[in-house]
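What follows is calculated from the coordinates using simple rules that are stated; it is not laboratory data. All figures in this text were calculated on a predicted structure; none of them were measured in a lab. So basically every Cβ, Gly included, is an ideal-geometry build from the backbone, and we count neighbours across all protein chains shown.
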Amino acid sequence: MRSTHAQVSIDFMIAITILSFGIVLIITQIPMLFAPFHTISTDIHAVTYRTSMILAEDAGIYCENESITSAWETAGEPENRSRNFSFYRDKIPNYLSNVRRIGLARNAPVWSSSEDAIPNNLSRRKIEALQDWWNDDANRSMLWEKLGLLVSYNGKPVNYSFNISLKGFNNLLILNNSTGKPLLQIGYPIPRGATVERIERIVAIDDCENLSNCKGIGDNECCGVLEICIWR
């Protein structure tokens, strides 16, 4: 008489169990295979976007004796064209340390808060101060902190490299004709084969005197592109 009950051997049960366990293990490990590439690209994009926001839409922070102002390029003093980055670095104690954040946006009109800024409208004094700071080899390393690029992950420092410049709409650098040099070009050459995030912001510059390769748009006499490139 034929039996109506099926039977499964112990060997088959063990094989199915091992196979199922192996498949589950592989599935759980697949995301880890791509994690290094995904983490780097995602992380760099966020850092690049944040850096572009700070530079283009923030005026910066200068803090001295608990007094905060956005006029970091003049150590909180009224603007004086005869004084530049070198003057404040050499004459104002702890000037560089008191600069808590570098932003390039113009300060808002005097009737508003001193911390307010005009987004995407850059201050030439701030631009020149940033360029001079980069040219100062002895204090250049401080820029990573001031630009928000000195960070750590799991207790280890993350080494971000950057290239920041102001260009015209023809992709050529905006030049300061009085010095014969770019108005803003800081950072290192962009490497080949690296994961590089690039963000471009259309910006206006408040002072067009002796500048070339910028273009007027609407009421703004001098406009160009702020280009931020980050990699690690």
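Between residue 171 and residue 94, what is the FRET efficiency for a Förster distance of 25 Å, r being their Cβ-Cβ separation, to the nearest 0.05?
0.05
Tabulate in residue order the Karplus-calculated ³J(HN,Hα) for region 126-141, using 6.51 cos²θ - 1.76 cosθ + 1.60 with θ = phi - 60°, rounded to whole Hz; enter x for Gly and Pro.
Once θ is set to phi - 60°, the couplings for region 126-141 become 5, 4, 5, 5, 5, 5, 5, 5, 4, 6, 8, 4, 5, 10, 4, 4 Hz.
Full-extension gain between residue 15 and residue 200, please, as 0.36 nm times their residue separation minus the C-alpha to C-alpha distance.
Details: separation 185, 0.36 × 185 = 66.60 nm, distance 5.70 nm.
Additional length available on full extension: 60.9 nm.
For residue 64 and residue 153, what does the FRET efficiency come to when R0 = 25 Å and r is the distance between their Cβ atoms, rounded to the nearest 0.05?
The calculated FRET efficiency here is 0.20.
So what are the ³J(HN,Hα) numbers for region 93-104, from phi and the Karplus equation (6.51, -1.76, 1.60; θ = phi - 60°), rounded to whole Hz, Gly and Pro as x?
For region 93-104, the Karplus-derived couplings read x, 6, 4, 5, 5, 6, 6, 8, 8, 9, x, 10 Hz, x marking Gly and Pro.
If the cut-off is 22 Å between C-alpha atoms, which lysines fall inside it for residue 181, apart from same-chain ones fewer than 8 positions away?
126, 167, 215
Please list the radius of gyration and Dmax for region 74-232, considering alpha-carbon atoms only, with Å as the unit.
In order Rg, Dmax, the Cα atoms of region 74-232 give 16.3, 49 Å.
Take peptides 85-94, 14-23, 203-212 and line them up by average Cβ neighbours within 10 Å, highest first, as a rough protection proxy.
Details: 85-94: 13.9, 14-23: 10.2, 203-212: 17.0.
For the peptides 85-94, 14-23, 203-212, the packing ranking is 203-212, 85-94, 14-23.
Would you mind checking which residues have amide H under 5 Å from residue 108's amide H? H placed 1.01 Å from N; only 5 or more apart, or other chain.
Residues meeting the amide H criterion: 116, 117, 118.
Work out the FRET efficiency for residue 53 and residue 215 from their Cβ-Cβ distance, taking R0 = 30 Å, and round it to the nearest 0.05.
0.80
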